[in-house]
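Contents: one structure, followed by commentary.
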Amino acid sequence: MFCVLTENVRENNISEKLFGRVKKDSYNLLTVPVLHGAPFYHLKVTTGNRKGIDFERVIFEVGRCAQRLLVSDDVILPNIKGIGRFNSDLLYKKLLDNTAELLIKQIGDKALYDEENGIITYRENVIEIGKDRNDFNLAEHYSSLKPEEIEKYIFAAALYELCGVFAIGECRFDFVTVNGEKKSVGNVYFA
């Protein structure tokens, strides 16, 4: 399992400013069910504009899932034990391989494929796969679960790796870059 962490900063109202009464931060933990997979946590934090997120409280709320947090890039995680950002290349490698296999079938001739960098060389054409990791198809059901702040690829990788959702979509990139020009995978043909 993993945890999506989103923060909403609350503005203090006039009575809070005048009398010094400040509302407490709220931590609302939801368990989100996933079709064909294990559920994940979504921790919605509402903080005042002075403090920020109490990461000790995050660890208390979600336990070991705090080691695999999905947060927006502008949230800075502290360097404390038990807190970590989820990061994985497992799905990326599968997307690269599936897209390369499809393209080599379309080309129908020998092509040099550099698996490490996701580059196919064919008749002096350079095809770069996965230059933008978010250029793949994610099924509607799963994309509706994704919070806006979270990158699509990271969310899909967490579903794939940590929730056991192995059918997240067509599992290939939709676009590739051919000689610097972005093209749809279905439109990459050479005479």
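The values are calculated or read from the model by the stated rules, or taken from the named source; none is laboratory data. None of the values given here were measured: they were computed from a predicted structure. Glycine gets a Cβ as well: all are built from the backbone with ideal geometry, and neighbour counts include every protein chain shown.
Taking the conditions (1) assigned by TED's automatic domain parsing to the domain that holds residue 159; (2) surrounded by 14 or more Cβ atoms within 10 Å (Cβ to Cβ) in turn, residue 47 satisfies each one other than (1). Of the residues making up segment 128-152, those that are out of contact with any Ser or Thr (no Cβ under 7 Å at 6 or more places or on another chain) and touching a residue at least 60 places away in the same chain (Cβ under 8 Å) are 141, 142, 145, 151.
All conditions in (1) over 19 Å from residue 42 (Cα atoms); (2) part of a helix (DSSP H, G or I) hold for residue 156, with the sole exception of (1).
For the residues 53, 59, 76, 83, the requirement of being part of a loop (DSSP other than H, G, I, E, B) and more than 19 Å from the chain's Cα centre (by Cα) singles out 53.
Scanning segment 95-148 for residues that are part of a helix (DSSP H, G or I), charged (D, E, K, R) and closer than 30 Å to residue 31 by Cβ gives a single hit, 140.
Scanning segment 118-134 for residues that are of a type outside the set (Val, Ile, Thr) and crowded, with 21+ Cβ neighbours inside 10 Å gives 118, 130.
Residues in segment 56-84 that are closer than 20 Å to residue 149 by Cα, touching a helix residue (DSSP H, G or I) at 6+ places or on another chain (Cβ under 8 Å) and without any contact (Cβ under 8 Å) to a residue 40 or more places away in the chain: 77, 78, 83, 84. Of the residues 44, 94, the single one that is under 20 Å from the mean Cα position of the chain (by Cα) and modelled with pLDDT of 90 or more is 44. Say we look at segment 78-114 and pick out the residues that are in contact with a Leu (Cβ under 7 Å, 6 or more places away or on another chain) and not β-branched (Val, Ile, Thr); which of these is surrounded by the most Cβ atoms within 10 Å (Cβ to Cβ)? Among those residues, the one meeting the criterion is 86.
Quick grid of which residues meet (1) over 20 Å from residue 163 (Cα atoms); (2) in contact with a Cys (Cβ under 9 Å, 6 or more places away or on another chain); (3) polar (S, T, N, Q):
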| residue | (1), (2), (3) |
| --- | --- |
| 45 | yes, no, no |
| 55 | yes, no, no |
| 58 | yes, yes, no |
| 62 | no, yes, no |
| 65 | no, yes, no |
| 74 | yes, no, no |
| 80 | yes, no, no |
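Yes or no, residue by residue, for (1) closer than 12 Å to residue 91 by Cβ; (2) surrounded by 14 or more Cβ atoms within 10 Å (Cβ to Cβ); (3) of a type in the set (Asp, Glu):
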| site | (1), (2), (3) |
| --- | --- |
| 141 | no, no, no |
| 146 | no, yes, no |
| 156 | yes, yes, no |
| 167 | no, no, no |
| 171 | yes, yes, no |
| 183 | no, yes, no |
| 187 | no, no, no |
